[in-house]
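Readers should treat all values here as calculations from the given coordinates under stated rules, not as data from a laboratory. Bear in mind the structure is a predicted one, so any value in this text is a computation, not a measurement. So basically every Cβ, Gly included, is an ideal-geometry build from the backbone, and we count neighbours across all protein chains shown.
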Amino acid sequence: MYRSVVRGVGSYLPEKIMTNDDLSQIVDTSDEWIRKRTGIERRHIAADDEFTNDLAVAAAERALAAADMSAADIDLVILATTTPDNTFPATAAKVQARLGVTKGPAFDVQAVCSGFIFAMTQADNMLRLGQAKRALVIGAEIYSRILDWEDRSTCVLFGDGSGAIVLEAVDSEGANNERGVLTTILGTDGANYDKLYVDGGVATSGNAGCVRMAGQDVFRQAVARMSESVEEALEKAELTKDDLDWLVPHQANIRIIEQVGKKLGVSRDKVMITVQEHANTSAATVPLAMTHGVKHGHFKEGDVIALTAMGGGFTWGAIVLRW
Ligand code: UT7
């Protein structure tokens, strides 16, 4: 049987930085409020001529370099995004061509902030089935283009960015002490469709629309869904919370992250936190945080790492892997 192993990670943040003070010039907010309620200090904003495929390609190239691989090694590209370049084709198709990947399928996955967990699960399934050998899994978003810059309750929370990983299928006995992805858990509860959504779209308004959110509902559900899905994924891998070395949660709000860590009994120094640097970049936060972890030498061989996210839909998921 096969198991997927992470061979390389990479991320990209656009050059332009928007601070909380910059935002206070646009809407009635303050650096103090944003830091205290969210932990966010700054976000990056894509240039006018930068598109989601540009962000995706930048992160993917870095992940390929880190994996010491080239486009010729890849036979699957999955891009998680809520902000595709065009309604169709999938932005992944453009990314595939720009990278020079010529084998296998390339497609987008839309699960909002949980998108990377959904995309990585899909890649893991295909690698385990022998349908591909090496996958590029990317999260790339330009939320600055779907924000209502007059709504202080949402525009302060998001930013643009991307992250990517290279996953490779390796032979495995299926034991939980071997390297690679051990378990994946996904969920959706569409009854919460209107708690976090964009008020536009091809079939409704014809415009892209703007993010609308019932913040406190999302907050509560995010804490519950992320902590529960990590517990479920650990249990499925026949591991417990005590086995967890690192928690890499979706980066939306420091208070959500802290509460998830607390529920799982993971000390703060074992929780990857990057939300202050880039705000909520939706499907890109998990690979951005993973890249931070690798760059700073946090993950040691054999570590048990849980990735988790929750987002619009509601969608949620968790992946437990051994590094
Ligand atoms: O991936 C999932 C995506 N989304 C999330 O994860 C977001 C989840 N929700 C949250 O992170 C939090 O609910 C928020 C950060 C959005 C809001 O924090 P909160 O502690 O729940 O604040 P609140 O909504 O209860 O608002 C408190 C006050 C209100 O004023 P009043 O009614 O008490 O006078 C808001 O109008 O803060 C006000 N407020 C602001 N003040 C300054 C809301 N946004 C701002 C702002 N600056 N940007």
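Identify the residues of the stretch 245-289 with backbone N under 17 Å of a label point that sits 7 angstrom from the Cα of Arg37 along the Cα-to-Cβ direction, or state none. Residues 252-257, 276, 279-280 fall inside that zone. Here the spin labels are modelled as points 7 Å beyond Cα on the Cα-Cβ line, and at Ala47 and Gln131 they lie 3.8 nm apart. With the biggest extent put first, the Cα atoms of the stretch 2-171 measure 54, 29, 26 Å across the principal axes.
Could you please report the charge total around Thr82, scoring K, R as +1 and D, E as -1 over all other residues with beta-carbon less than 14 angstrom from its beta-carbon?
Values: positive: Arg145, Arg212; negative: Asp85, Asp108, Glu141, Asp160, Asp199.
Spelling it out: positives minus negatives among the neighbours equals -3.
Once you sort the root eigenvalues of the Cα gyration tensor of the stretch 75-171 as a ≥ b ≥ c, which label holds: rounded (a/c under 1.5), prolate (a/b larger than b/c) or oblate (the other case)?
On the way: a/c = 2.95, a/b = 1.98, b/c = 1.49.
Note, shape of the stretch 75-171 comes out prolate.
Contour minus end-to-end for Lys103 and Ala175, with contour as 0.36 nm per residue of separation and end-to-end as the Cα-Cα distance?
Numbers: separation 72, 0.36 × 72 = 25.92 nm, distance 3.04 nm.
Length gained between Lys103 and Ala175: 22.9 nm.
Given +1 on the Cβ of Lys and Arg, -1 on the Cβ of Asp and Glu, and no further charges, what dipole in debye does the stretch 117-250 carry about its Cα centre, rounded to the nearest 20?
Values: 12 positive and 22 negative charges, 83 e Å.
Dipole size: approximately 400 debye.
Judged by the mean number of other Cβ atoms found within 10 Å, the most tightly packed of the peptides 99-108, 251-260 leads the ranking 251-260, 99-108.
Using the Cα centre of the stretch 63-165 as origin and beta-carbon charges of +1 (Lys, Arg) and -1 (Asp, Glu), tell me which of Val156, Cys113, Thr102 is placed farthest towards the positive end of the dipole. The residue sitting farthest along the positive end of the dipole is Thr102. Multiplying the residue separation of Asp303 and Phe88 by 0.36 nm and removing their Cα-Cα distance gives an extension gain of 73.4 nm. Rg and Dmax of the stretch 4-100, both derived from C-alpha coordinates alone, stand at 17.0, 50 Å. The DSSP beta bridges internal to the stretch 2-171 are antiparallel in roughly 70% of cases.
Here the sum of -39500 (n - 2.57) over DSSP H runs of 4 or more residues, divided by the residues of the chain, equals -9500 deg cm²/dmol at 222 nm, to the nearest 500. Legend: distances between Cα atoms for Lys195/Lys270; Lys236/Lys295; Lys236/Lys263; Lys103/Lys133; Lys262/Lys300; Lys270/Lys295; pairs beyond 20 Å are Lys195/Lys270; Lys236/Lys295; Lys262/Lys300.
Given the Cα-Cα distance of Asp22 and Glu235 and 0.36 nm per residue of separation, how much length would full extension add, in nm?
On the way: separation 213, 0.36 × 213 = 76.68 nm, distance 4.47 nm.
Gain on stretching Asp22 to Glu235: 72.2 nm.
At q = 0.11, 0.20 Å⁻¹, work out log10 I(q)/I(0) for the stretch 180-322 with the Debye formula, treating every Cα as an identical point scatterer and leaving solvent out; two decimals please. Debye intensities relative to I(0), on a log10 scale: -0.41, -1.19. Looking at the calculated P(r) for the chain, what percent of the C-alpha pair distances fall above 25 Å? Cα-Cα pairs of the chain separated by over 25 Å account for 45 percent.
I want the local charge near Leu264. Using Cβ-Cβ distances under 13 Å, sum +1 for each Lys or Arg and -1 for each Asp or Glu among the other residues. Once all neighbours under 13 Å are counted, the net charge is -2. Given Ala175, Asn20, Asn280, which one lies farthest toward the positive end of the charge dipole of the chain, if we put +1 on the Cβ of every Lys and Arg and -1 on the Cβ of every Asp and Glu? Towards the positive end, the residue furthest out is Ala175.
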